[in-house]
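The values are calculated or read from the model by the stated rules, or taken from the named source; none is laboratory data. Everything numeric here is computed off the predicted structure, so don't read it as measured data. Cβ: placed from backbone, ideal geometry, glycine included. Neighbour counts: every protein chain shown. These area figures cover heavy atoms from the full protein model, side chains too; ligands, DNA and RNA do not enter into them. Shrake-Rupley method; radii C 1.70, N 1.55, O 1.52, S 1.80 Å.
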Amino acid sequence: MFTTKQRFVFVASLLVGSVLGLSSCYENKIATNLTPAPAAAQKPIQLTATINGAQEKPTPVTTAATGTFTGTIDPASRVLSYTVAYSGITPVAGHLHRITLPSGNGPNLINFASLASPIIGTTSTLEQSRVDSMVAGQWYVNLHTAANPAGEIRGDIRVK
């Protein structure tokens, strides 16, 4: 049969061949994965709201005024672009609010620079928590008048 030396050489040859074979497969795998696939582009998030007095909280307002909110959040830049169109009122203030209270109301966090319809605006980069809460439906648009300083028409913002 085989001597001890021959067995040692045979087993060593098998081990070296196996290691070389496996390492070449591993290196080929690494070489083919050096360039990562491009990340999928994130689509803009479309937002919408119908604005009316019936949605005012805690007490709905009887008014003929109506409006719409349309917006887009760019997930990469976290910038919100929006348009608010309305009719039937002369607002003295307008904002985007985040719902933080059990009543369904909350503080105004984005003030409109102009109140003439259509109100068109773009925010600076929003904190990720604001983007997340807006996408989760925790924001609303509110237009205030002299007759209804707490808000005459409101619309809860939702993903379109």
Simple SL model, points at 7 angstrom along Cα→Cβ for Thr50 and Thr100; separation in nm is 3.0
Which residues' amide hydrogens lie under 5 Å from the amide hydrogen of Trp139, considering only partners 5 or more residues apart or on another chain, with H built in the peptide plane? Ile99, Ile157
Enter the accessible area per residue of region 44-160 (Å², integer; probe 1.4 Å; all protein chains in place). 48
How big is the shadow of the Cα convex hull of region 68-156, averaged over all directions, in nm²? 5.5
Using a 1.4 angstrom probe on heavy atoms only, work out the carbon and sulfur share of the accessible area of region 34-160 in %. 57
Considering amide H positions built from the backbone, and no H for Pro or chain starts, which residues 5 or more places from Ile153, or on another chain, come under 5 Å of its amide H? Leu143
Region 60-145: trypsin sites (Lys or Arg not before Pro) in DSSP coil with no more than 10 other Cβ atoms inside 10 Å: none
